[in-house]
Structures are given as structure tokens and as C-alpha cells.
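Encoded as C-alpha cells, the structure appears first; notes follow it.
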Amino acid sequence: MSITTTGNLGPMILQSLAPAMLYVPTPTMNYILVTDKVSMPANGGTTCRFMRPRALVPPTIQLGNSGIDPPAQVPQRDIIDAQMAFFGTGCIINEQVILQDQEGVLAWVSERLAVAMRQAEDLILRDYIVSAASQINAGGGANGDNPTNLAVSDFSLVATTLDTNNAYKFMSGIEGMDRFGTGPVRSAYFMLSSTELQTDFDGLTGSGFLSQWNYPTNATALPAEYGSVFNIRILCSSEAPVARGVSANGNDVYYNTVVGKQAITHINQDGYSMNLIYRDPYYSGMLAQNATIAVKFAQAQAITQDTAIRNLLATRLSSVPGP
Amino acid sequence: MTEYSKMAKGRFTSTGQAQVVNLPFIPDYVEFINYTASATPANHGIPRAFWDANMGQGIAVVDLFNATPVLITDDVTSYGISTFAAGQLLQFGAAQAVTTVTKADPAVVTSTSAHGLKSGDVVIFSNLIQTATTGMQQIAGIPFTVTVTGATTFTIPWNTNQSNFTAYDTATATQDATFVKVLYPYLYEPGQSIISNIVTGATTAIGTTDAHNFVVGQEVAIRVPTIWGTHQLNSLPNTTIPGSPIYAYVISVPDYHTFVINVDSTGYTAFNSNQTFAGYIGRSFAQAVAVGDVNTGGVQISSGSQLYPPPYIVPIGTTRVNTINGPAIQGAFFNNTSQGFIIGAGTAVGDATSVLVGAADDVIYWRAFLHDIQGP
């Protein structure tokens, strides 16, 4: 008796597409989270201009009985400008690809373009902050470098700096609950940090670091939130800025952006942020062969309260994360 | 030529230094004609050059006048034509070894091999440790704009001729010092700068370690940790108006790393750049940061000035380099990210006196392409 097997009667078509696409590793985008949002109107020029009144001198000197008015004060203001810039990217896709592919190429290319655009927004903000915000070098760590690794005293110092500058905190605190292993969380600024420092944060457990998992409730924790130290809640991303090999001792320098409310503003113009543009092959050449799909956006950014933002520079105590 | 290829052309007058050309694309082919060198044939002149991406970065094939002068062909194998996409910060060149750093004002750095820098480039040092307790580690980690004085030498704007500094010499040092080039230091302008010196008086002159890129009318904040001296310039605390930051305006810009602010600092504590070696660990630097603008409202700051001049950066000296952006309000923050190609100042392999980008005042016409179709 002869048995028919796949050896002599295999499937005519060997492959079928899995029902779901594999995920694309995508860094968390934290910088956009801490910005104030402002929209410039259409026909509003090239530049968004912010005005901040200056405080007036409090009249602490008594008038006396002379009947003479004190000198008038002249109100002053600070002006901050942010110039709009335009960005975009796209793909040209031949109609034969669209005709013949099995996996819906236009759909996933659209998704990728949208993610690329959002990442661009975040990277622009990130690099702008690296360029424009003032820096404090961590000095509390024990690794003998400049800057040192992060110690809890560095968190305290930078939060105190922002408090002294009368910055606004983002988050109100979380009251303690009668749940084993948890502790209350203070009202806090955000620190935008690198995932490569998470080992160092873990090393501070017991001396000030509270893991997000040890919050009384996770209801207000953000997805990228790793934990908190005193008045700072830490958001981690693999794309946080790192200057490789440029510390005093030649180690990597991490830019930990500690930020209060209204410190950074992200500006769009007339809702121009995010245009997904699909053009049918009909619009290309005489044979209408190629479709285009693209994204473009306009944005400007400004540090609108320089007193409410600091880059806390630090090196690492722990080993380099594995590849 | 297919539908989506990109082409561009233009001209510039050479400075004798590497020329950056911003484009809306990264070319895969560049060619140029040096009109001046072509019109006046002379030994060492390079009237034409060509580059294809497949050659590799920093290469170029050139026509070259020999001593007769007759055209011959040659190639440039370093600092030729290359492309760039300056869209993200914190990118650095390879670490280069330092041979010596002198105790002088300005400090003179000698690299172990040809550094390949040009004046205006920015570098950061590490491990300037002569012995366990001496050296120049006080300035490690600071970005410095360099002034090139030779193939292996350059100066940095810091006075190391002070008591707490010891000259670095790798022959006797306990650590091997290095520096890296900051590839794109000025993508977002104006930014923050490290302060190297402060001259107090009726107005206050501030020196920075790299190009501050401030303009007259710029509003700035000063942050000086107490250990550096002139902390009275700090924007806070304000002893008159609680919590209100005190800002300064830039009233003149003598050069790329000096600006003068409208603050009477007479009697303020002197700035101390003579920091101790032992205290370098965890020391924050004094900084100047941009805050905003003088409220020009389109009013000329000085007679004859443009109402809305294009934004520019000042990499070194007083030479302004316009960016890819259009007109802007003076002093506004702007985004200077860009891409394009660089014609370097490399020399032909067979003629070390030739210069790819030509001599100062040479007129160069260039063309750049990005092709849709590339054959095998």
C-alpha cells in the first residue's frame, strides 16, 4: 500500500501570511508630553511671539503723611519668539506593488509615516532642549567623574532649584494607602531620562527611589514612568539624549531634562500639524504608474520659562546595558 | 532623467576653507567647476572635480594643473567631497589622541596625528590628567571652538596659564587624553554657552568657550555657580521683586565668543576660571542661555540694519553664515537642521599644494544630483 505524504504531494503554495504584522520596536516619545500646546493662526506670519509680563515692585515702603504719590512704575515685558519650520517625508509606490501585494502596503506605510512624523516632533523637541536649556552637572555620585552618576542629592538639588525659581509642578502627589510595599508620592516635576539609567535608579531603591510599581495607585502613572525620587517623577525612553564618551573621564553623559509646567511650548500653525497626503497614481506621469503617500507637518518650539527647566547631566554607575 | 530625481546648482566664492552647501536632499553625485582656476591655468590649480557616492565619503576625482601647466587627473582621498544630514545633536567624530596642551592663554593643543579640524570646529576633551592630582581636567567636558594653527595644532579659548593648571604631556602623563569633534554643534540657535571669562564694569563683557550666536538685542540669562565668582549676574534671586528673573540684553558682539550685556557689574565678584584640579568631579559650569528678544517690533536696532534679517550663525571670527531659513525676527530661536554636501579643503594625492575647494576668492559653480535609478 502506498501512502501519500507531503514528500510526494506537498502543498502547491508553501507560504501564507500570518494574520498580524510583527510589531515595530518604537521608543516612547516623552518630550512632547511635557510641552504646552499653542496654535498659530493661518496668515499669522512666520513666528509665534510670546509675551510674559514682568512682576512689578511690591510697594513695601509706607507712604507717610506728605501727601506726595510715589513714582509710577513702568510695566515691562519679555518677548520670546519661535519661528515655524516645516518637515515632511514620503514614499513613492509603484501601482504594481499596490496591485500585487497581499499585506495592504498602503495601510502599513501610512502607519509607519505617521509614527515617523511623531518621532520627528519628539526628536526636534529633544535636541532643541539639549541646545537651549541650562545644565547642572550631577555631583552627588561616587564614580569620580564630571558629571558624576546620579545620587538622590542631585534629584533634591535640581527640584530645589526649580522650586526656588517658583516653577509649577506637573503632578499632584499620591496619598499613601494601606497597601503593603507602597509609599506616598510627592507632587512632582517630570524628569525625561534614558532607559540606560534604569539600573542606576534601581540602585537608589531604599534611599529615595520609589518604583512606579510601588506607588499607592498606578492610576496617574504614565506608560513611560519608571518611578520617582523625592519631587521628581522619571519618564524613561531609549531615545533620551546621550553624549557618548565626552565626560571628563571619557564616559557617556546623559541629559536628564527636569521640567515644570509651561517651561517648553510646542507650536503648530492652523492645525497644520500632521497632514497625511495620498496621491493616486493618476497624478503621476503620462502612464499614471506611481502613487505617493507622505506626511508633512509644521512646528516651532520655545523654552518659554527658562527658570523652570534644567538638564541634569549625569554619567552612569552601573555597567553598560547589554547589546 | 526619471521623474523623481533631484538636481540643484549654485555658486559660491571660496574662502579656502571647507564649504558647506545646504540642499533639500542628500546628493549621490556632485561636480563643480572652479571658474577662477579654469580661467587662469596655474600649477596646483583644480579647475574641475567630481564625486559619486559609490566612491565613498571624503573622496573626489579631480583635474589638476601640473607645473607646465597642463591638465592631468588625480584624486583627493581625504577631505574631498562628502554629504551630511545634520538633523540630530550629540554626534561626535572619532576620539583623537592629545600629545600636549600648553599652560598658556589661549591654550595650545597638539594632537598626536593630523587632526583634520578647521577653525570654527568644536571639540570636547577627556582625561586631561597629568598625575593623580594635576593636569587640566577642569576643562574636560567643555565644548571649545578651535582656531587651527597647523596640521596637528590648534588653540582653544581658555586661559590655562593659571596656578591650578598643569601643562599636559602624554609622554609623562598617567592618563591618555583625547578629544572628539562635535559634528553638528549649532542645529538650534541661539543656545546655551559655557562661560570662560567675565570682565566686570559699567557694562559686562562675557567670553564663551564656543560660538554663542547671540545678536544685539538678544535677551539672555546668566547662570554662574558660586564657585565661579560672578554669581551676582544670576537671573535669580531678585532682591527687589520676589521671584522675578533678572535678564540682560546683549548690547554688542565683539566676536564669535564674546558678547557685552547691559549690566553694571562694578563691584561684583571677579570671575574665577582658575578652578582647582581636585574639584573637577561633579562641577557645574558657568553658562549663558538665550531667553528671548528685545521687543523690536520690526524697528531697526541700528541705522541701516535689516528689519528682519535672515538668521545666521557665527562659527568663528566675525564671519556670519546664513542658515537655510528665510527672514526671521532678530534673535528668535530657530531650527538650523540641514542636509547637503561639503567640498573639503583636501589636497590631491600627487600634489600636496593643491586645494580642492580652491584659494580664497575663487568662484566655484557646482551641480548636485540625486538619481532615481542607479545601475549595478
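The values are calculated or read from the model by the stated rules, or taken from the named source; none is laboratory data. The structure presented is a predicted model; accordingly, all values stated were derived computationally and were not measured. Positions of Cβ are backbone-derived with ideal geometry, glycine not excepted, and every protein chain shown enters the neighbour counts.
Observations on the structure shown:
- Residue within the range A:19-32 that is modelled with pLDDT under 90 and either surrounded by 18 or more Cβ atoms within 10 Å (Cβ to Cβ) or touching a helix residue (DSSP H, G or I) at 6+ places or on another chain (Cβ under 9 Å) (or both) present: yes
- Only one entry in A:245, A:250 is without any contact (Cβ under 8 Å) to a residue 40 or more places away in the chain and surrounded by 18 or more Cβ atoms within 10 Å (Cβ to Cβ), namely A:250.
- Any chance residue A:67 is farther than 30 Å from residue A:263 by Cα and assigned to a strand (DSSP E or B): no
- Residues in the range A:279-310 that are surrounded by 14 or more Cβ atoms within 10 Å (Cβ to Cβ) and of a type in the set (Ser, Thr, Tyr): A:284, A:292, A:304, A:307.
- Test result for residue A:256, away from chain B (no Cβ under 11 Å) and at pLDDT below 95: no
- Residue tally, condition within 11 Å of chain A (Cβ to nearest Cβ), at pLDDT below 95 and part of a strand (DSSP E or B), over the range B:245-288: 1
- Test: residue B:209 is crowded, with 18+ Cβ neighbours inside 10 Å and either more than 30 Å from residue A:299 (Cβ to Cβ) or more than 11 Å from every other protein chain (Cβ to nearest Cβ) (or both): yes
- The number of residues in the range B:1-22 that are farther than 17 Å from residue B:372 by Cα and away from chain A (no Cβ under 14 Å) comes to 13.
- With respect to the stated conditions, residue A:99 is away from every other protein chain (no Cβ under 14 Å) and out of contact with any strand residue (DSSP E or B) (no Cβ under 8 Å at 6 or more places or on another chain).
- A search for C-beta distances below 8 Å between a residue of the range A:51-74 that is aromatic (Phe, Trp, Tyr) and any residue that is not in a loop (DSSP other than H, G, I, E, B), counting only pairs 6+ apart in sequence or on different chains, returns nothing.
- Residue in the range B:73-82 that is more than 19 Å from residue B:142 (Cβ to Cβ) and without any contact (Cβ under 8 Å) to a residue 60 or more places away in the chain present: yes
- In the range A:260-281, the residues that are in contact with a helix residue (DSSP H, G or I) (Cβ under 7 Å, 6 or more places away or on another chain) and outside any loop (DSSP other than H, G, I, E, B): A:264, A:266, A:276, A:281
- If you go through the range A:1-55 and keep only what is closer than 30 Å to residue A:256 by Cβ, among the polar types (S, T, N, Q) and in a loop (DSSP other than H, G, I, E, B), you end up with A:26, A:28, A:30, A:35.
- Residue, modelled with the lowest pLDDT, within the range B:289-317, restricted to residues that are in contact with a Pro (Cβ under 7 Å, 6 or more places away or on another chain) and facing another protein chain (nearest Cβ under 9 Å): B:308
- Residue satisfying all of: in the range B:233-242; out of contact with any Pro (no Cβ under 8 Å at 6 or more places or on another chain) and under 18 Å from residue B:291 (Cα atoms); farthest from the other protein chains (Cβ to nearest Cβ) among these: B:233
- Residue that is nearest to residue B:145 (Cα to Cα), among those in the range B:70-98 that are more than 14 Å from chain A (Cβ to nearest Cβ) and surrounded by fewer than 17 Cβ atoms within 10 Å (Cβ to Cβ): B:78
- Residue satisfying all of: in the range B:1-39; of a type in the set (D, E, K, R) and assigned to a loop (DSSP other than H, G, I, E, B); surrounded by the fewest Cβ atoms within 10 Å (Cβ to Cβ) among these: B:3
- Sole residue being of a type in the set (A, V, I, L, M, F, W, C) and more than 30 Å from residue A:81 (Cα to Cα), chosen from A:294, A:300, A:248, A:243: A:248
- Counting residues in the range B:69-80 that are out of contact with any helix residue (DSSP H, G or I) (no Cβ under 8 Å at 6 or more places or on another chain), part of a loop (DSSP other than H, G, I, E, B) and farther than 20 Å from residue B:360 by Cα gives one or more.
- Residue in the range A:131-153 that is within 20 Å of residue A:306 (Cβ to Cβ), in a helix (DSSP H, G or I) and within 7 Å of chain B (Cβ to nearest Cβ) present: yes
- Scope the range B:146-172; condition in contact with a Leu (Cβ under 9 Å, 6 or more places away or on another chain) and more than 14 Å from chain A (Cβ to nearest Cβ); matching residues: B:146, B:148, B:154
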